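See structure below.
Where a number appears in this text, it was derived from the coordinates with a stated rule and is not lab data. As the structure is a prediction and not an experimental result, all values here were calculated from the model. Positions of Cβ are backbone-derived with ideal geometry, glycine not excepted, and every protein chain shown enters the neighbour counts.
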Amino acid sequence: MIKHPQWKKQFGGFDLVARTAERPRTIVRVAGLAIGGGSFVVMAGPCAVESERQLLETAEAVAAVGARVLRGGAYKPRSSPYSFQGLGVEALKLLRKAGQQTGLAVVTEVMSEEDVETVAEYADIMQVGSRSMENYSLLEALGRCGRPVLLKRGMTARLEELLDSAQVIAAAGNPDIILCERGIRTFETATRNTLDIAAVPVLQAVSHLPVIVDPSHAAGVRSLVPVLARAAAVVGADGVLVEVHPAPEQALSDGIQSLTFDEFAEMVRDLRRYVPISERPVPSILQGVRA
Ligand code: PEP
Ligand code: MN
């Protein structure tokens, strides 16, 4: 099924995650969503959960224009011990409340295997951050967590290494994995990371797992986020994960790359020109009424 001979050599050995004739595609089904099922899933929210108001306002704004998944960090991997580290369990509770109020599924990062059980109580999708892609004890614990995993590519990881990590999660019992390209380190410094857009078609050719793109951490500046999201849509990604904040200049983390509500709405409007955006299912009681 993997046609290119070199890719076959490189990726054919991943018995649980490689694309085969028997298993060309995995659709990750979670909270009424089908990720990898042909429509483009927009995931959005703040880098970090900062307050109830910040999160609820953001959730409502992004849900209103087409997001299906709310993102927000509760445990933040920060390079300085003096930076905001996240609100922990308090943030998880706010995420669940915001998710319930808006009908959005919730994705949030889990940094330690000790927190897997707690995060799984509140989140629909468990995010593995770039810095944790090779934390194998975390990956194994996620194999047993009973929730889909959004696995980000390590910032210096080759695609083979990303699939190594996916295979660890799958081998531990969890086949529901979403791969995420979020930019890699190169010699270029004009952007925070270099978006490896080719990762999307390569991963889709060699693996059956859905592939999404995080244009925010790739760009590092908000003005580039919409055009990189468009690139993701055009190249065939299954969705995007985007940072949005009510007042980006006051954000406690990643404000420079966070979109305002208006910029996010405009980005989704633009994406609709290229791909079918995953819409909220109409509740059965309203079916027919709206038709
Ligand atoms: C994040 O999603 O806020 C994050 C920390 O991303 P990454 O792990 O890609 O740096
Ligand atoms: Mn961030």
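Summary table
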item: Single residue of Val110, Val89 found to be surrounded by fewer than 19 Cβ atoms within 10 Å (Cβ to Cβ) and more than 19 Å from Ala247 (Cα to Cα); result: Val89
item: Ser79, sole failed condition from (1) in contact (Cβ under 8 Å) with a residue 24 or more places away in the chain; (2) over 14 Å from the mean Cα position of the chain (by Cα); result: (1)
item: Scope segment 12-35; condition more than 20 Å from Gly236 (Cα to Cα) and outside any loop (DSSP other than H, G, I, E, B); matching residues; result: Val30
item: Checklist (1) in a loop (DSSP other than H, G, I, E, B); (2) closer than 16 Å to Gly45 by Cα; (3) within 14 Å of ligand 1 (Cβ to nearest atom) applied to Asp196, failing item; result: (2)
item: Any pair with Cβ under 6 angstrom, 6 or more apart, that starts in segment 172-192 at a residue that is within 16 Å of ligand 1 (Cβ to nearest atom) and ends at one that is among the charged types (D, E, K, R) and part of a strand (DSSP E or B); result: Cys180/Lys152; Arg182/Lys152
item: Which listed residue, of Thr26, Thr58, is over 23 Å from Ser132 (Cβ atoms), hydroxyl-bearing (Ser, Thr, Tyr) and under 18 Å from the mean Cα position of the chain (by Cα); result: Thr58
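Each row is one residue, and each column tells you yes or no for (1) away from ligand 2 (no atom under 16 Å from the Cβ); (2) without any contact (Cβ under 8 Å) to a residue 12 or more places away in the chain; (3) not in a helix (DSSP H, G or I).
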residue: Pro201; (1), (2), (3): yes, no, no
residue: Gln204; (1), (2), (3): yes, no, no
residue: Ile212; (1), (2), (3): no, no, yes
residue: His217; (1), (2), (3): no, no, no
residue: Val225; (1), (2), (3): no, no, no
residue: Leu241; (1), (2), (3): no, no, yes
residue: Phe264; (1), (2), (3): no, no, no
residue: Val268; (1), (2), (3): yes, no, no
residue: Arg280; (1), (2), (3): yes, no, yes
